[in-house]
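K.L.:
This structure is in structure tokens; I'll ask about it shortly.
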Amino acid sequence: MPALLLLTGPSAGLRREILGEVTLGRSPSCEIPLEDSKVSRRHAKVVFTDGQARITDLGSRNGTIVNGERIEGEAILLPGDRVQVGDSTVLYQPPAKASLADREAGEAHSVPVEEMLPALGPEAAMYGAGVALLSATSEAMVLRRAAEELGRCVNAEVSAALLGGAEGLLTAVVLGADAVEVPRNLMKAALERKETARAGGLLCAPLAASGGLPFGVLYAERPEAFGEEHQKIAGSLGRLAGEAFASVRARAEPEAAQVALVGSSRPFRKALEQARRAAAGADPVVLYGERGSGKALMARYIHTRSARALGPLVVVDCQASPVTAEEELFGRSSAPGVPPLASALLRADAGTLVLKQVEALPRGVGARLARLIARRLAPSRRGGEEPVDVRLICTTVAPPALLAAKGDLDEELARVGTGVEIELPPLCERRADVPALFEAFAARVARPQRREAPTLSPEARRLLVDYAWPGNVQELRLVAERLALLYAGLEVSALQLPPEVHEGAATPKAQTLATRVARLERDAIAEALREAGGKKIKAAALLGISRPTLDKKIDDYQLAVEKVKKP
């Protein structure tokens, strides 16, 4: 059955199936009533006949818009079309290609799935190995599980997954021994001829995906000789692991470019130097400071400059709802219509896990997370727990010890998550960085549009530097992006800055109307004098006031007049 889904407006989220005819309008008698003054009582009608949906405007006052164009009379709706009625955006969803039927299918012969899965023999071994590799969430996990499954399936004492080429092997995972020495003839057979080779109690198979050359080998050792059956299992595992490795790499986010942090003020340079030293280590890191001070970006900076830079970076916002945060951290099993979700700890294996505003976690969730981190374990997709190697970075508003003492953070989580502590200064303590940050944020918006970033007039620059920025870097970013969209390639004057910047930093609500007007007037006069090159007569004309009036206001506001000589 086709349907209309309301994306925005007073009834956003409503989904109404089209049973022959559906009317939209302000009247309660409409199938989709909309409490919107811009909508007529009976605004538009959608009819579904002969497999097609048609929409008709019913003579509405403000019209019916389909995909940005106002319709005249009737129009045919195609799957995905968007209809605008007043403030409501309506998405047309075509009939589903699958639906439930009441017809009988005859006598059903059903067997529980678990009873049909192989439990013994080579089939069970390969099935278990396939599940383990398919549920891996990182390249490092694929290799570790491949080595584990090889050892289990062929009953080896030592097993390994090794990356490399003809010039040599790079150890990835070795289980059962500190190191392995792979005979050159077995390695060449696997890497150069794409063959699975065995010699007594030694076994070697290529790691390769479909259509590609081997990028490594699976290797096993044991006192007893391996047989042909073991050789087949190793070959199959090598191909399965190769496909899983390629699949995980394809799903991974593109490698993030090196994070560039802008600022040269002393407080910021101090925090940056601490971050550089933390990146070189392996201890947990806590970044604390006011909201919007750039803690999340600093966390990414530490990751991209650490030994884990090629590993995953998983970010969990602990300020989300308790249910969402718990599912992100510990994963969830599948349910009808809801696919499974691997835990953040599992997804961050061999990489970095960033917990944003970790103090927002409920105490019970924080305590469970602390236990897993302390034991270096993660909830497994197959049930139970499995070992992981994760570096933790937490962002908070205050040092963890202080938050734990106040009861805002689980004490055990504060203990296991604390290693290096770095305080990020608020923007009001690094005012010298404001112009450079503004330019960087504005250029980031203008560049994709192939336009020049706006520049700041001297007076606008002064106002931005003097403003207190209660929202810190995040607030400055939003201001810079908005001005870049409005004034790309132009000079931004003081009068074009947001009102809160004019009102000053301290307590804008306490300022009187006269104070605000005076500040605006002072900024306008300063801009006019600058545009007039210091010539008062010209500045007075630009402002629409007399020369004596301008002189008086220059004295009142103690403005310096500098005449600019033309070259």
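K.L.:
Once fully extended, how much extra length lies between Glu521 and Glu491, figured as 0.36 nm per residue of separation less the alpha-carbon to alpha-carbon distance?
P.N.:
Length difference between fully extended and current span is 8.9 nm.
K.L.:
Separate question: Can you give the translational diffusion coefficient of the range 164-304 in µm²/s, computed by Stokes-Einstein from the Kirkwood radius over Cα pairs at 10 °C and 1.306 mPa s? Before the final figure, lay out the partial values.
P.N.:
Values: Rh = 18.7 Å.
Reported coefficient: 85 µm²/s.
K.L.:
Which value at 222 nm does the chain reach when only helices count, each DSSP H run of 4 or more adding -39,500 (n - 2.57), with the total divided by all residues and rounded to the nearest 500 deg cm²/dmol?
P.N.:
Result for the chain, helices only: -11000 deg cm²/dmol.
K.L.:
Treating the beta-carbon of each Lys and Arg as +1 and of each Asp and Glu as -1, no other charges, what is the dipole magnitude of the chain about its Cα centre, to the nearest 20 debye?
P.N.:
The dipole of the chain has a size of about 2460 debye.
K.L.:
Carbon and sulfur atoms: what percent of the 1.4 Å accessible area of the chain do they account for?
P.N.:
Using a 1.4 Å probe with all protein chains present, the chain comes out at 53 percent carbon and sulfur.
K.L.:
Still on this structure, please answer the following. Nearest 10 degrees is fine. How inclined is helix 547-557 to the longest principal axis of the chain, computing both from alpha carbons?
P.N.:
Taking the Cα atoms of the chain, the angle to 547-557 is about 50 degrees.
K.L.:
Next up: Using mean Cβ contacts within 10 Å as the protection proxy, how do 5-16, 418-429 order, highest first?
P.N.:
418-429, 5-16
K.L.:
Can you give me the angle between helix 139-153 and the longest principal axis of the chain, using Cα atoms only, in degrees from 0 to 90, rounded to the nearest 10?
P.N.:
Result, in degrees: 10.
K.L.:
Measuring from centroid to centroid over Cα atoms, what is the spacing of the range 424-456 and the range 39-66 in Å?
P.N.:
When both Cα centres are located, 46 Å separates them.
K.L.:
Once both labels are modelled 7 Å past Cα along the beta-carbon direction, what's the Gln558-Lys232 spacing in nm?
P.N.:
Here the answer is 9.4 nm between the modelled labels.
K.L.:
Treating the angle as unsigned and between 0 and 90°, give the value, to the nearest 10°, between the Cα long axis of helix 295-304 and the longest Cα principal axis of the chain.
P.N.:
That helix lies at roughly 40 degrees to the long axis.
K.L.:
Nearest-5 percent of antiparallel DSSP beta bridges in the chain?
P.N.:
The answer is about 70 percent antiparallel.
K.L.:
Next up: Using square roots of five times the C-alpha gyration tensor eigenvalues, list the equivalent-ellipsoid semi-axes of the chain in whole Å, biggest first.
P.N.:
Computed over the chain, the values are 57, 40, 23 Å.
K.L.:
Still on this structure, please answer the following. Stokes-Einstein D for the range 330-438 at 37 °C, 0.692 mPa s, Kirkwood Rh over Cα pairs, in µm²/s?
P.N.:
208
K.L.:
Write down the accessible area per residue of the range 265-321 in Å², having rolled a 1.4 Å probe over the full set of protein chains.
P.N.:
On the way: 2770 Å² over 57 residues.
Here the residues of the range 265-321 average 49 Å² of exposed surface.
K.L.:
How much accessible area per residue does the range 203-246 have, counting only protein heavy atoms and a probe of 1.4 Å, in square angstrom?
P.N.:
In whole numbers, the range 203-246 has 39 Å² accessible per residue.
K.L.:
Place a +1 charge on the Cβ of each Lys and Arg in the range 173-309 and a -1 charge on the Cβ of each Asp and Glu, then give the dipole magnitude about the Cα centre in debye, rounded to the nearest 20.
P.N.:
840
The values are calculated or read from the model by the stated rules, or taken from the named source; none is laboratory data. Everything numeric in this text was worked out from a predicted model, so none of it was measured. Methodologically, a virtual Cβ is constructed for each residue, glycine included, from the backbone with ideal geometry; neighbour enumeration extends over all protein chains shown. Surface accessibility is based on the protein's heavy atoms, side chains included, excluding ligands, DNA and RNA. Shrake-Rupley method; radii C 1.70, N 1.55, O 1.52, S 1.80 Å.
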